[in-house]
1. Being farther than 18 Å from Val148 by Cβ, surrounded by fewer than 19 Cβ atoms within 10 Å (Cβ to Cβ) and touching a helix residue (DSSP H, G or I) at 6+ places or on another chain (Cβ under 8 Å) narrows it down to one residue among Tyr200, Tyr264; which is it?
2. Specify the residue that is modelled with the highest pLDDT; the eligible residues are those in region 203-234 that are in contact with a helix residue (DSSP H, G or I) (Cβ under 8 Å, 6 or more places away or on another chain) and among the hydroxyl-bearing types (Ser, Thr, Tyr).
3. Just give me the residues in region 314-360 being touching a Ser or Thr at 6+ places or on another chain (Cβ under 6 Å) and either aliphatic (A, V, I, L, M) or under 25 Å from Leu228 (Cα atoms) (or both), in sequence order.
4. Of all residues in region 198-215, which are part of a loop (DSSP other than H, G, I, E, B) and not hydroxyl-bearing (Ser, Thr, Tyr)?
5. Tally time: how many residues in region 249-281 are hydrophobic (A, V, I, L, M, F, W, C), assigned to a strand (DSSP E or B) and in contact with a Leu (Cβ under 8 Å, 6 or more places away or on another chain)?
6. Could you tell me whether region 111-119 includes any residue that is of a type in the set (D, E, K, R), surrounded by 20 or more Cβ atoms within 10 Å (Cβ to Cβ) and under 27 Å from Ala158 (Cα atoms)?
7. Could you tell me which residue of region 122-137 is nearest to Gly255 (Cα to Cα), considering only residues that are surrounded by fewer than 21 Cβ atoms within 10 Å (Cβ to Cβ) and either touching a helix residue (DSSP H, G or I) at 6+ places or on another chain (Cβ under 9 Å) or in contact (Cβ under 8 Å) with a residue 40 or more places away in the chain (or both)?
8. Of the numbered conditions (1) part of a loop (DSSP other than H, G, I, E, B); (2) surrounded by 17 or more Cβ atoms within 10 Å (Cβ to Cβ); (3) charged (D, E, K, R), Lys218 satisfies every one except a single condition; which is it?
Amino acid sequence: MSLDAHVDPLPKPAVGTALYVHLPFCVTKCHYCDFYSIPAEGQDIPGFLDTLLLEIDRRAPEAPPTVFFGGGTPSLLSIPDWTRLMKALDRRTGFRSSASEITVECNPESLDEDKARALLDLGVNRLSIGVQSLRPQTLEQFGRVHSVEDAWTAYDAARRAGCKSINLDVIYAHPGQTTEQWQEDLQTILDKGPDHLAAYNLTFEESTPFLRWLEQGKLVAAPEELELELAQITEEGTRQAGMRAYEVSNYAIPGQECAHNINYWRNGTYVGLGPSAVSKIGHRRGGAPRSVAAYRRLMSERGYALEWSEELDPLKRLAETWWLGLRLRQGLSPEHARRRAGYREPVDPMEEVVVRLVNQGLLTQDMDRYRLTEKGRPLADAIASEFFSACE
């Protein structure tokens with residue numbers, strides 16, 4: 001949709017709606033990443049914050065239960081910039097009183113003890129550090145700008161600053177990785193004692209160097225059998241470390257599950273602010289452009305930054321509810337799915353999909369709930385297409 005086309009603003013969010021804030025600046029873009037980000041060097045970050053604070057004033061929900069700062073690399077912002085942002089956000093939303101979880105994504109090269117302590121003093125209580133790999137050659141292949149030593153320096157700095165909830169992001173099933181390497185690296189990570197681990201098998205996303213290199217034969221994707229074996233190593237290692245697998249790629253010490261992301265997986269309501277951020281309020285969804293310049297222009301011209309919006313029809317809502325809900329280990333029942341989606345038609349076409357997936361060994365039934373099997377968990381994204389195909 002053209003940026004000049006009229007897009008109706010989304011409904012006003014209710015008090016207590018979750019909040020996501022996108023801070024798009026990075027040192028450099030990683031080769032596998034398809035999230036919207038731009039190099040920070042030469043950018044007018046104070047001017048960007050002017051625009052973001054205007055959007056916060058106009059669209060941020062009151063009393064959000066969770067706040068998540070993603071990117072990009074949010075930890076790149078200076079302490080004065082963070083102070084300005086957080087004070088304005090609290091004045092508008094009162095998040096320091098309402099939110100039980102306030103997360104900031106960090107990369108090792110931009111997180112030291114002073115930055116971590118400043119973030120905690122400003123109300124942050126959860127840091128998510130992008131470790132990604134413990135192999136120097138793999139970090140170089142990924143396009144990361146930090147070393148393995150940098151990752152542990154940042155982690156230790158966060159602990160010294162007093163952070164009691166730390167997530168580590170890691171990627172497995174990347175080109176050339178062996179089961180022995182992953183077993184060793186995973187154990188090293190778990191021995192550090194993170195409260196939460198997000199372990200993702202590598203996906204080759206559109207418009208990334210990794211996909212281009214794969215198509216050119218410069219990279220070879222991990223075989224499916226190896227992906228399954230690496231996933232099993234992850235399951236067993238985290239279990240022995242006292243972590244609970246609560247989602248396809250997420251593991252946590254009990255009580256340290258990411259509440260913000262659980263709201264996504266339950267197909268809940270949320271507001272997204274910043275370029276590329278998406279909001280879902282009721283049965284309507286909309287998003288901002290993947291461009292800082294376009295984002296700032298829309299805010300200046302219209303007072304809101306929505307580039308597109310759509311009304312989700314009941315069947316699509318139901319398909320999304322199944323796709324997202326099955327990512328959680330607790331699964332969901334057809335009745336819960338219909339209720340969450342607001343689906344009231346007498347015929348439920350998703351039931352046929354569920355039966356087929358059970359027969360294929362990808363889902364299992366426990367009383368009225370369905371869950372992904374060990375075979376199905378690594379195929380969660382492919383399984384999603386089965387539900388959306390039923391909408392056609």
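The values are calculated or read from the model by the stated rules, or taken from the named source; none is laboratory data. Note that the coordinates shown come from a computational prediction; the quantities given were computed from them, not determined experimentally. Virtual Cβ from ideal backbone geometry, glycine too; neighbours counted across all protein chains shown.
1. Going through Tyr200, Tyr264 in turn, just one is farther than 18 Å from Val148 by Cβ, surrounded by fewer than 19 Cβ atoms within 10 Å (Cβ to Cβ) and touching a helix residue (DSSP H, G or I) at 6+ places or on another chain (Cβ under 8 Å): Tyr264.
2. Thr234
3. If the condition is that a residue be touching a Ser or Thr at 6+ places or on another chain (Cβ under 6 Å) and either aliphatic (A, V, I, L, M) or under 25 Å from Leu228 (Cα atoms) (or both), then Ala337, Ala341 are the ones that fit.
4. Scanning region 198-215 gives Leu202, Phe204, Glu205, Glu206.
5. 4
6. Taking region 111-119 as the starting set, the residues that turn out to be of a type in the set (D, E, K, R) are 112-115, 117.
Those left that are additionally surrounded by 20 or more Cβ atoms within 10 Å (Cβ to Cβ): 115.
With the extra rule that they be under 27 Å from Ala158 (Cα atoms), the set shrinks to 115.
Within region 111-119, one or more residues are of a type in the set (D, E, K, R), surrounded by 20 or more Cβ atoms within 10 Å (Cβ to Cβ) and under 27 Å from Ala158 (Cα atoms).
7. Looking only at region 122-137, we keep the residues that are surrounded by fewer than 21 Cβ atoms within 10 Å (Cβ to Cβ), and these are 122-123, 125, 134-137.
From what is left, the residues that are either touching a helix residue (DSSP H, G or I) at 6+ places or on another chain (Cβ under 9 Å) or in contact (Cβ under 8 Å) with a residue 40 or more places away in the chain (or both) are 122-123, 125, 134-136.
Working: Leu122: 23, Gly123: 19, Asn125: 14, Leu134: 27, Arg135: 30, Pro136: 33 Å.
Filtering region 122-137 for residues that are surrounded by fewer than 21 Cβ atoms within 10 Å (Cβ to Cβ) and either touching a helix residue (DSSP H, G or I) at 6+ places or on another chain (Cβ under 9 Å) or in contact (Cβ under 8 Å) with a residue 40 or more places away in the chain (or both), the one nearest to Gly255 (Cα to Cα) comes out as Asn125.
8. (2)
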